[in-house]
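Okay, so here's the structure we're looking at.
The values are calculated or read from the model by the stated rules, or taken from the named source; none is laboratory data. For clarity, every value in this text was computed on a predicted model and none was experimentally measured. Neighbour counts are summed over all protein chains in view; Cβ atoms, including those assigned to glycine, are modelled from backbone coordinates with ideal geometry. Quick note on the areas: whole protein, heavy atoms, side chains included, nothing else; ligands and nucleic acids left out. Shrake-Rupley method; radii C 1.70, N 1.55, O 1.52, S 1.80 Å.
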Amino acid sequence: MSFIKFCTLALIATSSLTACSSHNQANSNAKTSISQIEDSNSFLSTLKPSSAEAIIGQVTGITSQDRNQQKVTIVAQDGKSYTASISKANFGQQNAYQMQKLAMGDYIEVEGDIEVTDEQSKPDGEHQLTVHAMPYVLRKIIVADHQVDCVGVAPQSCLLTKPADQVDSQVDWQYRYSGIEGFDYEPDYEYTLLIKNTAVARPPADASSVQSKLIQVIEKKRTQP
């Protein structure tokens, strides 16, 4: 075998090993990311607040909810539990557009006023949080394996989705009239996704008031042979 041919083969083998190593590392990172998302506490600890005043937590209970206000329980990164009052009236004119209807299991970033009450009966007191801003909501959703005909601005096909934490409940599938940035849908597959919902300050009349972006495909499973 000539020296040049030997070197060429060696380079090919080295490149292949490097590519395999990179591929395995990428797969390892993906598995770690998915594992973290499935473990709420681990995933919560990876989120970084956008300011020193911000609180990041997970919605663990919903006491009341309507179009303009809601009261929920949030467990924050430091383990503290907050009863959060979220109302357009408290958001003010500047942040009123950030109001989003929350679901169990959502991860949210909020800013607001904290009041600690009932300190005598409980060592840490009860933390009441009046929210003034909610820049985004992270949500795990299930995407059905088929689309349905629907009518938005014009006839179209809609994805069917529901919050992942409610997949086994009697909650109906919801029509999604707007897309999810970065998500490529394939029929006959059911997806579990982590998406970031960000409210839009001044959406066009025919557009959604919430912009959704894909953060992670947690699971993709085929439902049809």
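With all protein chains in place and ligands, DNA and RNA left out, the 1.4 Å accessible area ranks ASP172, ASP165, ASP145 as ASP172, ASP165, ASP145, largest first. Computed from the C-beta positions of GLU126 and THR46 and an R0 of 30 Å, the FRET efficiency is 0.60 to the nearest 0.05.
The modelled label-to-label distance between VAL217 and ASP78, using points 7 Å beyond Cα along the C-beta direction, is 3.9 nm.
The slack between SER208 and THR60, meaning 0.36 nm per residue of separation minus the straight C-alpha distance, is 50.6 nm.
Between ALA154 and VAL116, the simple spin-label model (points 7 angstrom out along Cα→Cβ) gives 5.8 nm. Between ARG67 and GLU181, what FRET efficiency follows from the Cβ-Cβ distance if R0 is 25 Å, with the result rounded to 0.05? Efficiency for this residue pair is about 0.45. Please state the shape class of the range 103-225: rounded when a/c is under 1.5, otherwise prolate if a/b exceeds b/c and oblate if not, all from the C-alpha gyration tensor. Since a/c reaches 1.5 and a/b is larger than b/c, the shape of the range 103-225 is classed as prolate.
Note on GLU181: accessible area approximately 100 square angstrom, rounded to 10, probe 1.4 Å, nucleic acids and ligands left out. Going through the cross-link list LYS101/LYS220; LYS48/LYS162; LYS48/LYS71; LYS162/LYS221, which pairs have a Cα-Cα distance over 22 Å in this structure? The answer is LYS101/LYS220; LYS48/LYS162; LYS48/LYS71.
When a/c is below 1.5 the answer is rounded, else prolate if a/b is larger than b/c, else oblate, so apply that to the range 155-209 with a ≥ b ≥ c taken from the square roots of the Cα gyration tensor eigenvalues. Walk me through the intermediate numbers first.
Working: a/c = 1.71, a/b = 1.49, b/c = 1.15.
Here the range 155-209 falls in the prolate category.
The accessible surface of the range 167-223, taken with every protein chain in place and a 1.4 Å probe, is 43 percent carbon and sulfur.
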